[in-house]
Structure formats: C-alpha cells, structure tokens
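Report on the structure given below.
Derivation of every value follows stated rules applied to the coordinates shown; laboratory data play no part. What you see is a predicted model, and the numbers here were worked out from it, not measured in a lab. Using ideal geometry, Cβ is built from the backbone for each residue, glycine included, and neighbour counts are taken over all protein chains shown.
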Amino acid sequence: MKIKLFFGRVLTAIFGGGIAIILFVLFVDREKEIITTPEPQTIQLAGLSQGPSGLVDLTIAAESSVKSVVHITTVYGNEEYQSNPFYDFLFGNSRRGYQTQPAMGSGSGVIISKDGYIVTNNHVVKESNFISVVLNDKRSYEAQLIGQDPYTDLALIKIDEEDLPKMELGNSDELKLGEWVLAVGNPFNLTSTVTAGIISAKARNLGIMRSQMSIESFLQTDAAVNPGNSGGALVDSKGQLVGINTAIESRTGSYSGYSFAIPVTIVKKVIADLKEFGHVQRAMLGVSIQSVDAKLAQDKDLDKIEGVFVAGLTQESAADEAGVEIKDVILAINGKDVNSPAELQEQVSKYRPGDEIKVLIKRNGKKKQLDVVLRNSLGNTNVIKSKNLAFLGADFEAISQKEKYRLQINRGVKVKNLRSGKLKDENIKEGFIIYKINDKPIYKVDDIKEAIDEVNDGGIFISGIYPNGSVKYYAFSLNGD
C-alpha cells in the first residue's frame with residue numbers, strides 16, 4: 001500500500017508540473033523582454049581619460065604640454081645713481097658713477113608657433129637687455145623681443161629655430177567651474193613643473209595693473225603657482241592652452257591657495273596684434289560701467305540683477321554713436337552674457353577698432369540689440385602702428401663695455417649719423433649716449449622705439465651723457481615745435 005501511495009504522489013507531481021509548463025508556453029508573451037539588473041557602470045566625464053582606479057587621468061595633457069613650455073631668464077641693470085646738476089652745483093658730485101651689478105630674473109613662456117614665437121608675461125621681460133630661452137630638451141637660445149603690452153601684462157618674444165613643439169590654443173570661454181586644469185612652468189627655477197587644480201572662478205579683477213587702460217579678467221585656479229611660473233601655461237585636460245599664469249594671491253610671496261591666469265581669448269588677440277603691427281589695437285566702447293548688485297538695482301529701479309550698468313558715456317564714442325544711453329544695462333556682447341565689468345572688458349578686448357559687434361542692452365525693462373562699430377583711443381577706426389624713429393634724424397648703436405666702464409654707466413645707446421630731425425633741432429650732438437627716455441631705461445636701440453611708443457601725447461624727456469663725461473638733459477614735444 002505504501003509503495004502504491006508513493007508512486008501515486010510522484011505521478012501527481014509530474015502531471016501537475018507538466019500542466020504548468022503547458023500553460024506557461026500557451027499564455028505568456030514570448031516577445032516580452034526579461035528585465036535584469038545591469039552591472040554597475042563607471043561614469044566617465046566627457047573629454048577626460050581615466051586610469052585603472054577610475055580617477056581623472058591628466059598624464060597625456062601633462063606630457064604634451066611640458067614640451068611647449070620654456071624657461072626664460074633675463075638680465076637687466078639696476079638703476080644707477082645719475083647726478084642732478086643743481087644738487088651737484090650746491091653740494092658737489094660725490095656720488096656720480098655709483099651703480100650696482102646687473103640683476104637677473106626668471107620666468108616661463110609658451111611656444112605658440114613652430115617657427116619660434118613664444119608668449120610670456122610682460123613683467124618677465126620688461127626692461128631686460130638680454131633674454132635667454134631654454135627649451136624642455138635643454139637647448140638654449142637668445143630671444144628677440146617682438147612686442148609687449150603693459151595693459152594686459154603680455155609680451156611676445158621669438159627665437160631663431162624651426163619645427164618647435166607648439167602648444168595648441170584652446171577656448172577659455174568654454175571652461176566650466178570645477179573643470180580640471182594644469183599649471184606648467186618653472187617655479188623657483190625647477191624646470192618643467194606640473195601642478196593640477198580646478199577652475200575656481202572666472203573674470204576676476206584684482207586691481208594689480210593700476211591703469212585705466214588695463215584689462216583684468218583673470219581665470220582663478222587652485223593649481224599651485226609660485227615665482228617663476230609667470231608666463232607659463234594653464235592647460236586644459238586636452239593639453240590645450242587656456243591661459244597664461246600671471247599672479248598669485250599671497251601674503252608671503254609664495255603660493256597660498258589661489259593663482260590667476262590671463263584667459264587665452266585675450267592672449268590670442270594681443271599676440272596677433274603684436275605680430276602684425278608691433279602694437280596692440282585696443283578697441284574702445286566708450287562707456288563708464290558699474291557692476292549691478294542689489295543696492296544698485298534698487299537705487300536705479302532695475303527689474304533684475306544682471307548685466308553691467310552704464311554710468312557714463314563718452315561723447316562721439318562708439319557706444320554714443322550706436323545709441324547706447326546712460327542708465328542702460330549691457331547684457332551681452334555678440335551673444336556672450338556679461339555680468340561684470342571684467343567680463344565686458346574681456347569680450348570687447350577680443351576685437352579691433354573698426355570691428356562691428358552686437359550689443360544687447362536693457363532699457364526701461366525692454367531688451368534691444370544695437371550694432372556698434374568699435375573705435376580706438378583716438379576716437380577713429382584707424383590702425384595704430386608703432387612710431388617710426390625717422391623723425392629723430394639719427395641712427396643709433398649700442399655702446400661697448402669699455403665705454404660703460406670708462407663712463408661708469410651700465411646702459412646706453414649712442415647717437416650717430418646725425419641729420420635733420422628732432423635731435424638736431426634740440427642741439428644734440430653725435431656721440432651723445434641716451435640712457436633714459438622719460439622713465440624708461442635705455443639698454444638697446446629697440447628700447448628707444450618702445451619708449452616713444454608709450455608716449456600717446458605730450459613730450460619726451462631724454463637723459464644722457466657725452467663721451468667727455470658731461471651729463472645733459474633734453475626735452476621736446478612729439479606734437480609740435
């Protein structure tokens with residue numbers, strides 16, 4: 001009986017299982033997908049490679065960028081004492097000839113063309129009489145100064161070489177807060193140093209270049225930058241140049257958390273002008289501007305805290321001619337939103353006099369787009385070129401070390417082949433050694449050209465010495481007799 005009962009139960013179980021299988025086959029939709037739980041996937045940021053650990057990998061960007069960053073050393077003379085004729089008459093000339101030894105400086109630069117053009121900071125090469133460039137592979141060259149712009153703290157130099165590893169230029173406008181960047185340079189003469197950080201802020205105005213013509217719209221990062229990094233590269237994850245490292249926020253003189261770089265959008269425009277004209281073509285909108293904050297919005301009855309407030313307007317300027325009015329709020333330049341004076345200056349600085357831009361303004365709560373033709377500092381659209389020295393009526397040559405030692409001076413350029421011109425009109429004689437024009441020390445012939453280029457209006461004051469030791473001063477106007 002027990003055996004019959006056992007086999008009966010087995011047959012019942014088999015029969016019941018078969019019926020279940022038949023029902024499943026007949027009534028369940030075979031086309032429905034069976035949902036499974038996927039394997040966990042690692043999220044990867046666009047444009048960034050990852051190592052085995054899943055962390056952002058910047059090694060490719062670092063390896064490529066160090067080849068394009070150079071070490072710059074400069075030699076320049078310290079200011080020596082020059083006698084004052086009135087002081088000497090009263091008290092004697094006991095200190096004439098006092099001077100210190102030439103000083104040296106160092107910084108970094110970025111190769112931007114295969115034929116040897118290098119961008120750096122103006123303060124790295126300013127007033128130097130010798131510039132040396134050492135490549136990443138240790139080759140060394142003397143560099144020529146092509147041009148400099150104190151208003152953006154940029155300079156362009158060149159070495160005589162071909163097929164150099166240039167760095168591709170990126171787009172700093174596309175940088176996002178929190179994006180990874182590398183600072184590449186030569187801090188404390190430690191060549192080819194790479195540090196990493198993120199973009200902490202954009203369009204920072206620090207007020208370190210104290211001039212009304214200065215343009216400050218720095219990228220702020222927390223990548224470590226120290227003395228010697230100036231002129232070096234700020235590089236994105238693709239190895240492209242997005243900025244030139246320029247300054248640090250520090251009470252000690254060394255890195256303490258934040259560094260600042262000139263955006264490559266400004267760099268592109270400045271170096272293009274220096275290469276083509278030897279002088280930056282500065283476009284002017286012709287407005288005085290303020291940031292819009294809660295207090296200003298309330299005081300001026302603005303409906304929103306946005307844009308840049310037009311507080312003043314230059315008559316017959318580009319903005320005035322286009323119809324911009326005081327109390328307008330500028331919202332965008334050529335489609336790029338601007339919410340601070342620094343952002344507005346950065347966008348306008350991309351263009352040259354004569355370029356037409358679209359300016360979006362808000363007036364009485366209503367938006368309006370204006371077409372504005374930018375102008376230069378003289379109020380027109382002409383190209384401003386470096387001044388020609390022909391009007392001086394002379395040739396110039398560097399003085400020898402023997403002459404420097406004999407006259408106890410550490411710099412100077414000698415006047416020769418005097419002919420009709422400003423120098424002859426002022427009774428300057430051949431052999432006169434110019435060692436200063438206005439406040440600029442003169443070490444080489446190019447310094448004379450640069451000193452005169454810096455004079456927009458007014459006069460020239462020349463300090464110098466004759467071969468017999470007689471110190472003389474001359475002054476004349478550039479605009480008339």
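This table checks each residue for (1) farther than 19 Å from Ser65 by Cα; (2) surrounded by 17 or more Cβ atoms within 10 Å (Cβ to Cβ).
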| residue | (1), (2) |
| --- | --- |
| Leu206 | yes, no |
| Ile215 | yes, yes |
| Leu219 | no, yes |
| Asn226 | no, yes |
| Gly243 | no, yes |
| Ser254 | yes, no |
- prompt: Which residues, taken from the range 316-362, are part of a loop (DSSP other than H, G, I, E, B), closer than 26 Å to Val383 by Cβ and touching a Ser or Thr at 6+ places or on another chain (Cβ under 8 Å)?
  reply: Ser349, Lys350, Pro353, Gly354
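Matching residues to (1) farther than 29 Å from Ser172 by Cα; (2) touching a strand residue (DSSP E or B) at 6+ places or on another chain (Cβ under 7 Å):
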| site | (1), (2) |
| --- | --- |
| Ser288 | no, yes |
| Lys304 | no, no |
| Val308 | no, yes |
| Val324 | no, yes |
| Ser349 | no, no |
| Arg352 | no, no |
| Ile357 | no, yes |
| Leu360 | no, yes |
| Leu378 | yes, no |
- prompt: Any idea how many residues of the range 432-478 are among the acidic types (Asp, Glu), touching a strand residue (DSSP E or B) at 6+ places or on another chain (Cβ under 8 Å) and within 16 Å of Val413 (Cβ to Cβ)?
  reply: 3
query: In the range 222-235, is there at least one residue being touching a residue at least 12 places away in the same chain (Cβ under 8 Å) and more than 30 Å from Val134 (Cβ to Cβ)?
result: no
- line: Only one of Ile428, Ile462, Ile448, Ile452 is closer than 29 Å to Gln144 by Cβ, part of a loop (DSSP other than H, G, I, E, B) and among the β-branched types (Val, Ile, Thr), namely Ile428
Selection from the range 223-249 of residues that are in contact with a Leu (Cβ under 7 Å, 6 or more places away or on another chain), in a strand (DSSP E or B) and more than 14 Å from Asp153 (Cα to Cα): Ala233, Leu234, Val235, Leu241, Val242
- line: A careful count of residues in the range 388-412 that are part of a loop (DSSP other than H, G, I, E, B), out of contact with any strand residue (DSSP E or B) (no Cβ under 9 Å at 6 or more places or on another chain) and either among the aliphatic types (A, V, I, L, M) or buried (at least 16 other Cβ atoms within 10 Å of the Cβ) (or both) gives 1
- request: Could you give me the residue pairs with C-beta distances under 8 Å whose first residue belongs to the range 300-322 and is over 21 Å from Lys358 (Cβ atoms), whose second residue is polar (S, T, N, Q) wherever it lies, and which are 6+ apart or on separate chains?
  value: Ala311/Ser288; Ala311/Gln290; Gly312/Ser288
message: Yes or no: the range 272-283 includes at least one residue that is in a strand (DSSP E or B), in contact with a Gly (Cβ under 9 Å, 6 or more places away or on another chain) and not aromatic (Phe, Trp, Tyr).
response: no
query: Within the range 132-175, which residues are assigned to a strand (DSSP E or B), within 22 Å of Ser65 (Cα to Cα) and of a type in the set (Val, Ile, Thr)?
result: Val133, Val134, Ile157
query: Does the range 410-420 contain at least one residue that is closer than 16 Å to Gly469 by Cα, under 38 Å from the mean Cα position of the chain (by Cα) and touching a residue at least 60 places away in the same chain (Cβ under 8 Å)?
result: yes
